[in-house]
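The values are calculated or read from the model by the stated rules, or taken from the named source; none is laboratory data. Note that this is a predicted model, so its numbers are computed, not measured. Positions of Cβ are backbone-derived with ideal geometry, glycine not excepted, and every protein chain shown enters the neighbour counts.
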């Protein structure tokens with residue numbers, strides 16, 4: 001019988017095997033099922049992350065606020081006029097709105113945690129808890145939704161992947177945008193209006209193309225059943241930008257039906 005992991009055990013592995021420490025700020029992506037048995041579930045994992053890291057940041061995205069308009073700009077990776085059923089179910093963004101399930105149960109557990117702060121982007125909000133939480137989140141604007149990741153990079157932060165692969169590594173979108181790759185416009189319901197939001201990233205299904213090339217910069221450990229990786233953001237983003245600039249299709253998916261990646265294929269190198 002497998003003994004469920006405790007917060008102390010997870011925190012010890014994060015510190016001793018991966019090098020997470022109280023002076024390190026991290027953006028974390030966690031898949032609870034991959035970790036296996038944890039005493040207390042996602043709340044215990046959040047306890048461990050907060051114990052190990054100085055500042056913990058996680059995506060708290062709210063895709064459920066999005067609507068699809070009847071018309072809009074071309075090559076925007078969206079089928080205008082196709083969203084009647086989606087629009088009818090769309091929720092108004094508010095600071096206490098539940099994190100979308102795609103971000104994982106641990107992110108929702110962190111959102112509910114005392115002391116956690118949240119940015120106010122109606123689709124791509126981030127949550128943070130720790131000594132630098134307010135500074136990280138204050139960097140985000142409507143024009144620059146990925147700014148919290150860039151802030152972490154500039155201050156020596158890392159990305160932590162727990163039981164997920166590079167297809168969950170949202171930080172790679174920063175490298176895409178720096179390399180000049182197309183981003184998109186989306187619309188979301190807010191208390192005041194339908195808000196138009198620029199610089200929304202696209203598909204992540206092709207991100208595993210970079211995985212074999214990150215070995216030299218990645219620290220790896222097994223926590224429970226999960227492969228966990230810690231990668232310095234500065235090294236990661238510099239390398240990913242370099243690769244995209246050298247090969248414009250790098251990390252694009254190969255699905256013919258993917259409007260995002262097919263729109264990006266049209267770009268000139």
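Filter the stretch 101-112 for residues that are without any contact (Cβ under 8 Å) to a residue 40 or more places away in the chain and not in a helix (DSSP H, G or I) and give the result.
First, pick out the residues of the stretch 101-112 that are without any contact (Cβ under 8 Å) to a residue 40 or more places away in the chain: 101, 112.
Across the stretch 101-112, there are no qualifying residues.
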When you scan the stretch 244-254, do you find a residue that is over 19 Å from residue 124 (Cβ atoms), modelled with pLDDT of 95 or more, part of a strand (DSSP E or B) and within 18 Å of the chain's Cα centre (by Cα), even just one?
no
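Looking only at the stretch 251-260, decide whether some residue is surrounded by 15 or more Cβ atoms within 10 Å (Cβ to Cβ), within 30 Å of residue 36 (Cβ to Cβ) and touching a residue at least 12 places away in the same chain (Cβ under 8 Å). Talk me through it step by step, then tell me what you get.
Filtering the stretch 251-260 down to residues surrounded by 15 or more Cβ atoms within 10 Å (Cβ to Cβ) leaves 251-253, 258-260.
Checking which are within 30 Å of residue 36 (Cβ to Cβ) leaves us with 251, 253.
Narrowing further to those that are touching a residue at least 12 places away in the same chain (Cβ under 8 Å): 251, 253.
Within the stretch 251-260, one or more residues are surrounded by 15 or more Cβ atoms within 10 Å (Cβ to Cβ), within 30 Å of residue 36 (Cβ to Cβ) and touching a residue at least 12 places away in the same chain (Cβ under 8 Å).
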Considering 139, 216, which residue is over 22 Å from residue 266 (Cα atoms) and in contact with a helix residue (DSSP H, G or I) (Cβ under 6 Å, 6 or more places away or on another chain)?
139
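May I ask you to say which residue of 240, 221 is in contact (Cβ under 8 Å) with a residue 24 or more places away in the chain and either out of contact with any helix residue (DSSP H, G or I) (no Cβ under 7 Å at 6 or more places or on another chain) or farther than 19 Å from residue 150 by Cα (or both)? Spell out the reasoning first.
Numbers: 240 fails: either out of contact with any helix residue (DSSP H, G or I) (no Cβ under 7 Å at 6 or more places or on another chain) or farther than 19 Å from residue 150 by Cα (or both).
From the options 240, 221, the qualifying one is 221.
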Search the stretch 31-64 for residues being within 18 Å of the chain's Cα centre (by Cα) and part of a loop (DSSP other than H, G, I, E, B), and hand back the single one that is nearest to residue 16 (Cα to Cα).
53
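The rows are residues; the columns are (1) closer than 30 Å to residue 52 by Cα; (2) loosely packed, with under 15 Cβ neighbours inside 10 Å.
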position	(1), (2)
171	yes, no
180	no, yes
186	no, no
215	yes, yes
222	yes, yes
230	yes, no
Is it true that some residue in the stretch 196-207 is touching a strand residue (DSSP E or B) at 6+ places or on another chain (Cβ under 6 Å), crowded, with 17+ Cβ neighbours inside 10 Å and over 22 Å from residue 102 (Cα atoms)?
no
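Every residue in the stretch 65-79 that is part of a strand (DSSP E or B) and either surrounded by 20 or more Cβ atoms within 10 Å (Cβ to Cβ) or at pLDDT below 95 (or both), please.
Correct list: 66 only.
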